[in-house]
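In what follows, a structure is listed as structure tokens, so that the remarks can point back to it.
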Amino acid sequence: LEALERPIPPLTVPATKALCQEVVVSPPFDVREVIPPIINTTKDTGAFFNMALLRAEDPETGVSDVTIHRMCIHGPDSMSVSFTPGRHIDVFRRKAEAMGKPLPVSVSIGLDPAIYVATSFEAPTTPLGFDELTIAGGLRGRPVELVDCLTQATKTIANAEIVLEGEFRPNEYVDEDALTGSGWAMPEFPGYVGKAQTHLPVLRVTAITHRTDPIYQ
């Protein structure tokens, strides 16, 4: 609560100071060969990223948001993103889709605990347009460092271990269990296996960057 009352805005640093861009992987690539594709249970419909932080900006106002969503890998450069109704980045995505435009996004994997704690704040404490990274800054007592992405017009967490740069393209959707038809997703944070969702937006990865010796969370 003290951090919420004393927010510190993020700070953008040059690429030379961004540990997450020490190594750049450009297309063509297969994300499954760069990052270990982990499957948790025998019912999982595929490999998931589940502790990765999405960041994007509202295409109308420019305000930013960070949030965590499970992402199922569907191909060399594609994954589905599980949005529940009303989540802020999905609001941004829907606005961009209505404009006929892609929504640039970054996915940061392996972050410091203050960022993960701040990301768990939800509305009404953090309404649409509230940058949760300001709370992380308050917790740390110093700004969260951001850096410009290399292939997308957005920013990412400069000290992340691994970053996926990408975009949501208009009217591109897939069922979460399209690869297996299993009907199941993966265990969510309560610990139980969830049902696979249908008609989820597809995130297309346009670059992968990471530290020289990254730790995969």
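The values are calculated or read from the model by the stated rules, or taken from the named source; none is laboratory data. Nothing here was measured: the structure is a model prediction, and the numbers come from that model. Backbone-built Cβ (ideal geometry, glycine too); neighbour counts: all protein chains shown. Accessible surface areas use protein heavy atoms only, side chains included; no ligands, DNA or RNA. Shrake-Rupley method; radii C 1.70, N 1.55, O 1.52, S 1.80 Å.
Here are the numbers for this structure:
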item	result
Residue in the stretch 103-112 that is open to solvent by 50 Å² or more (accessible area, probe 1.4 Å) and under 14 Å from the mean Cα position of the chain (by Cα) present	no
Strands (runs of 3 or more DSSP E) lying entirely in the stretch 51-162 (those with 2 or more residues that are among the polar types (S, T, N, Q))	64-68, 78-81, 103-109
In the stretch 92-125, the residues that are farther than 23 Å from Met71 by Cα and either in contact with a Gly (Cβ under 8 Å, 6 or more places away or on another chain) or at pLDDT below 95 (or both)	Pro124, Thr125
Only listed residue being closer than 20 Å to Asn40 by Cβ, in contact with a helix residue (DSSP H, G or I) (Cβ under 9 Å, 6 or more places away or on another chain) and in contact (Cβ under 8 Å) with a residue 60 or more places away in the chain, chosen from Leu200, Leu164	Leu164
Hits in the stretch 156-179 - residues which are among the hydroxyl-bearing types (Ser, Thr, Tyr) and more than 17 Å from Phe49 (Cβ to Cβ)	Tyr173
Condition check for Pro9: out of contact with any Asp or Glu (no Cβ under 8 Å at 6 or more places or on another chain), touching a residue at least 12 places away in the same chain (Cβ under 8 Å) and either assigned to a loop (DSSP other than H, G, I, E, B) or open to solvent by less than 70 Å² (accessible area, probe 1.4 Å) (or both)	no
Qualifying residues in the stretch 53-95 (those that are acidic (Asp, Glu) and crowded, with 18+ Cβ neighbours inside 10 Å) - the one nearest to Asp131 (Cα to Cα)	Asp65
The stretch 181-210, subset outside any strand (DSSP E or B) and of a type in the set (Ser, Thr, Tyr), residue modelled with the highest pLDDT	Thr198
Restricting the stretch 38-49 to residues that are of a type outside the set (D, E, K, R) and open to solvent by 70 Å² or more (accessible area, probe 1.4 Å), the residue that is nearest to the chain's Cα centre (by Cα)	Ile38
Answer from Ala160, Ala136 - the residue that is more than 12 Å from the chain's Cα centre (by Cα) and under 19 Å from His69 (Cα atoms)	Ala136
Hey, Asp148 over 30 Å from Lys43 (Cβ atoms), open to solvent by 60 Å² or more (accessible area, probe 1.4 Å) and either free of Cβ contacts under 8 Å to residues at least 24 places away in the same chain or more than 17 Å from the chain's Cα centre (by Cα) (or both) or not	no
Residue pairs meeting the criteria (Cβ under 6 Å; at least 6 apart or on separate chains; first among the hydroxyl-bearing types (Ser, Thr, Tyr), in the stretch 117-130; second in a loop (DSSP other than H, G, I, E, B))	Thr119/Glu132; Thr126/Glu132
Residue list for the stretch 120-131, restricted to those being open to solvent by 10 Å² or more (accessible area, probe 1.4 Å) and more than 13 Å from Glu57 (Cα to Cα)	Ser120, Phe121, Glu122, Ala123, Pro124, Thr125, Pro127
